[in-house]
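The values are calculated or read from the model by the stated rules, or taken from the named source; none is laboratory data. For clarity, every value in this text was computed on a predicted model and none was experimentally measured. Here the Cβ positions follow ideal geometry from the backbone for every residue, glycine too, while neighbour counts run over all protein chains shown. For accessibility, only protein heavy atoms count, side chains too; no ligands or nucleic acids. Shrake-Rupley method; radii C 1.70, N 1.55, O 1.52, S 1.80 Å.
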Amino acid sequence: MTTAALPSLEARVKLYRIGMGFAALQFVQAAIDLKVADALDDEPLGAGELAKTVGADPDALGRLLRALSCLGFFEAVEDGRFRHTELSRMIRQDSPWGAPDVIRFGWLHVPVSVLHHTADAVRTGEAAFPKVFGTQAQSYFVNDDPEAGAIFNRAMTANTILLNNAPALVAALAPGPGETVMDVGGGQGQLLLRLLEAYPGIRGVLLELEQVLPGVDEQLREGGALAGRAELIAGDCRESVPGGADTYLYKHMMYMWDDDTVVRILRNTARAAASGARVVVVDMLLGGDSPFEEICTAVDLLMVLMGGGKRRSVDQFAALFERAGLVYQGVRSIEGDQSVLVTALVP
């Protein structure tokens, strides 16, 4: 038996918290599946009352609530009752942020299956996703498992809301009157929608894969409130990018691609756009002084597993712009946001 002094209590608690992280994710998913947060309003309720509403065993539900309260979801109060916390309100089905889909994607079989191969991927530098699923991630979500792809797309929309200070981002982009903004790979169009609402004098274009367009926000689709100023185009920016825009916006997508693919996308943009057009990359930067640095580094490693992509520094983005024939303009932080704007101009 070792006689060495124990590590600090803080270190030991952190070790076990990380070790139980997989279970913690499933506990939150269980609360979402049971709609526990939806059954609780402003007044605290006991596990027995909640169990009747959600159709659960009172004792087991009480244990789940105690476990979740240690994670910050729900708070135990007097007489064994529980009340909402800011976190538990986020996972209600009627919350406007899409947080349940962030949890759903984290528990989805796709990332879980790939994460099992972390050590092999680090040892070899080879992506795990193609070995597990027989294809690249983008193709898998579109062609092989569209249900998982739909959860992924909703989770990415939630990320736009939860990890970004959207009003500050919209203000920082500041398109001028009469300009056209093209959101390339803009998912369900949440950022483009906010831009169109904030700047009535601009037009917007959403370029997305054909399979993604049916899920675009209804306000941007035909008959929608903003459809007259929005155009939806099916396409793949790796193949070509349409011309005609004053600003080409790439939000949280460049990290999914290797350097050569990013340069190809940027070159496609440079060929299509007129001289003076802006190319704006919205992304997390490695090495930044941000509360999201832990998320940034984790996603960077996940890209090793998924295949090809990575998080980048300012200098790395500047070098990619130069390779693509663009003129690097600088970087701008966004207050209260995980992201920065890295901007270049078409010469």
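Rounded to the nearest 500, the 222 nm mean residue ellipticity of the chain from helices alone is -13000 deg cm²/dmol, with -39,500 (n - 2.57) taken per DSSP H run of at least 4 residues.
Bridging of K14 to aspartates and glutamates at a Cα separation below 19 Å is possible for E293, E294, once same-chain residues fewer than 8 apart are set aside. With the cut-off at 28 Å, report for the chain the share of all Cα pairs above it, as a whole percent. Counting every Cα pair in the chain, those more than 28 Å apart make up 50 percent. Summing Lys and Arg as +1 and Asp and Glu as -1 over all other residues whose Cβ lies under 12 Å from the Cβ of L220 gives a net charge of -3.
Between T261 and A4, what length comes free when the chain is fully extended (0.36 nm per residue of separation minus the Cα-Cα distance, one decimal in nm)?
On the way: separation 257, 0.36 × 257 = 92.52 nm, distance 5.16 nm.
Residue separation times 0.36 nm, minus the Cα-Cα distance, leaves 87.4 nm.
Cross-link partners for K131 among the lysines, with Cα-Cα distance under 21 Å and sequence neighbours closer than 8 places in the same chain left out: K310.
Element breakdown for region 47-146 at a 1.4 angstrom probe: carbon and sulfur atoms account for 53% of the accessible area.
Highest mobility in the GNM of the chain, judged by mean-square fluctuation with C-alpha springs under 10 Å and restricted to F321, F22, F105, is found for F22.
Near A158, within a Cβ-to-Cβ distance under 10 Å, what is the net charge of the other residues, with Lys and Arg +1 and Asp and Glu -1?
Working: positive: R104, R154; negative: D101.
Neighbour charge sum, excluding A158 itself: +1.
Evaluate 2.2 N^0.38 Å with N set to the residue count of region 85-209, then give the Cα radius of gyration divided by it. Don't jump to the answer; show the numbers that get you there.
Working: Rg = 17.8 Å, N = 125, 2.2 N^0.38 = 13.8 Å.
Region 85-209 yields a ratio of 1.29.
Between region 275-347 and region 50-85, what is the separation of their alpha carbon centroids in Å? Measuring centre to centre over Cα atoms gives 41 Å.
Can you tell me how much longer the chain between W97 and V54 gets when fully stretched, taken as 0.36 nm per residue apart minus their C-alpha distance, in nm with one decimal? Let's see the in-between values first.
Values: separation 43, 0.36 × 43 = 15.48 nm, distance 2.25 nm.
So the extension gain works out to 13.2 nm.
Partner aspartates and glutamates whose Cα lies under 19 Å from the Cα of K52, excluding those fewer than 8 positions away in the same chain, are identified as D33, D38, D41, D42, E43, D79. Charged side chains reduced to their Cβ positions (Lys and Arg at +1, Asp and Glu at -1) give the chain a dipole of some 620 debye around its Cα centre. The loop-placed trypsin sites (Lys or Arg not before Pro) in region 220-283, going by DSSP, include none that has at most 13 neighbouring Cβ atoms within 10 Å of its Cβ. Electrostatic bookkeeping for D120 treats Lys and Arg as +1 and Asp and Glu as -1; over the other residues with beta carbon under 13 Å from its beta carbon, the sum is +1.
May I ask you to derive the FRET efficiency for N143 and A234 from their Cβ-Cβ distance with R0 = 22 Å, giving the value to the nearest 0.05? Numbers along the way, then the final one.
Values: r = 15 Å, r/R0 = 0.68.
Once rounded, the FRET efficiency stands at 0.90.
Sites count as exposed loop sites when they are GluC sites (Glu not before Pro), lie in a DSSP loop, and have at most 15 other Cβ atoms within 10 angstrom; the longest stretch of the chain without one is 1-125.
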